[in-house]
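Everything on this sheet refers to the single structure shown next.
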Amino acid sequence: MGGIIVMYEELYRPLPDVNAYLERLNIPQKDVCDEAYLDELITAHQCEIPFENMDVMKKRTISLAVDDLFDKIIRRKRGGYCFELNSLFCHLLNALGFEAYGCRSRILRGKDYLPPVLHRGNLVYLKDGVYYCDVGYGGPQPGASVKVEDGYEKTIAGRTFRMKKADEYWWTLCRRLEDEWEEVMQFTVMNQAEVDFVPINFYCSTHPDSVFVQRYMLNRRLKNGSISLIEDLFAKTVDGVHTEEKVTSRERFCQLVETEFGIPDARSIL
């Protein structure tokens, strides 16, 4: 077992600089680890740090080592996809005094079949129970934590989410549409070690069937809406007003990455 621990020790190192992480989020450190502070951190993370798969699309190795994630996301002001963002966020939560673990998840939204586990979320243990939180899903993720309790509902930024117990092992996160509930994702409450996500991350970042290697995907929450850049379509929703733009040049793509998603020097990345 000693050799295994040494081999993967880079996944468990402490954050290089907690204050720098909080500065990236524009959030102060607080003495209390409660639901309100957790939700503040989640919302800020989704607003300040975008979901993006540009390194995957450029066939670069996706490292889950703490130092590499911190350098990319905090120092170089990049984003990342679920295995990067939720991993680093989990380290931040534990450094702040929360009890947080990764969990295996599968995306149900838009599928009429049972998909494989190809997503990572986080579980946070508070005094009154376990909460699911996610800062690394490019789709309609809740902008705050949701308690893992059958029938629990929470309205976040105008959207209502519900937690549903699927069976003995799985929980389903749903969101309210106009006249129905949409199943978004499913996860287990079995705490996962960081090393458990290494093979899934490798599959998602390299396998030709993975959606992440097929097209560029960038998403970021706004305080009053959201923005996305999927392949060559830039979409922006602000105060309920939705606009779209067909991106027809690399120059415009890079400009949007820099100005709308806050990622500097996009030309060197792309």
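The values are calculated or read from the model by the stated rules, or taken from the named source; none is laboratory data. None of these values were measured; they are calculated from a predicted model. Methodologically, a virtual Cβ is constructed for each residue, glycine included, from the backbone with ideal geometry; neighbour enumeration extends over all protein chains shown. Note: areas computed on protein heavy atoms with side chains; ligands, DNA, RNA excluded. Shrake-Rupley method; radii C 1.70, N 1.55, O 1.52, S 1.80 Å.
Every condition in (1) more than 28 Å from residue 7 (Cβ to Cβ); (2) touching a strand residue (DSSP E or B) at 6+ places or on another chain (Cβ under 9 Å); (3) among the small types (Gly, Ala, Ser) holds for residue 136 except the one numbered (1). All of (1) assigned to a loop (DSSP other than H, G, I, E, B); (2) within 29 Å of residue 261 (Cβ to Cβ); (3) open to solvent by 40 Å² or more (accessible area, probe 1.4 Å); (4) not charged (D, E, K, R) hold for residue 190 with one exception: (2). Exactly one condition in (1) exposed (fewer than 11 other Cβ atoms within 10 Å of the Cβ); (2) under 17 Å from the mean Cα position of the chain (by Cα); (3) of a type in the set (S, T, N, Q) is not met by residue 228; state its number. Of everything listed in (1) exposed (fewer than 11 other Cβ atoms within 10 Å of the Cβ); (2) under 17 Å from the mean Cα position of the chain (by Cα); (3) of a type in the set (S, T, N, Q), residue 228 misses just condition (1). Taking the numbered list (1) farther than 18 Å from residue 87 by Cα; (2) touching a strand residue (DSSP E or B) at 6+ places or on another chain (Cβ under 7 Å); (3) surrounded by fewer than 18 Cβ atoms within 10 Å (Cβ to Cβ) in turn, residue 175 passes all entries but (3).
Rundown of residues vs (1) out of contact with any Pro (no Cβ under 8 Å at 6 or more places or on another chain); (2) more than 17 Å from residue 52 (Cα to Cα), yes/no style:
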{"residue": "175", "(1), (2)": "no, yes"}
{"residue": "185", "(1), (2)": "yes, yes"}
{"residue": "188", "(1), (2)": "yes, yes"}
{"residue": "193", "(1), (2)": "yes, yes"}
{"residue": "206", "(1), (2)": "yes, no"}
{"residue": "212", "(1), (2)": "yes, no"}
{"residue": "216", "(1), (2)": "yes, no"}
{"residue": "228", "(1), (2)": "yes, no"}
{"residue": "233", "(1), (2)": "yes, no"}
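Of all positions in the stretch 61-70, at least one carries a residue that is among the β-branched types (Val, Ile, Thr), in contact with a Cys (Cβ under 9 Å, 6 or more places away or on another chain) and either in a helix (DSSP H, G or I) or at pLDDT 95 or above (or both).
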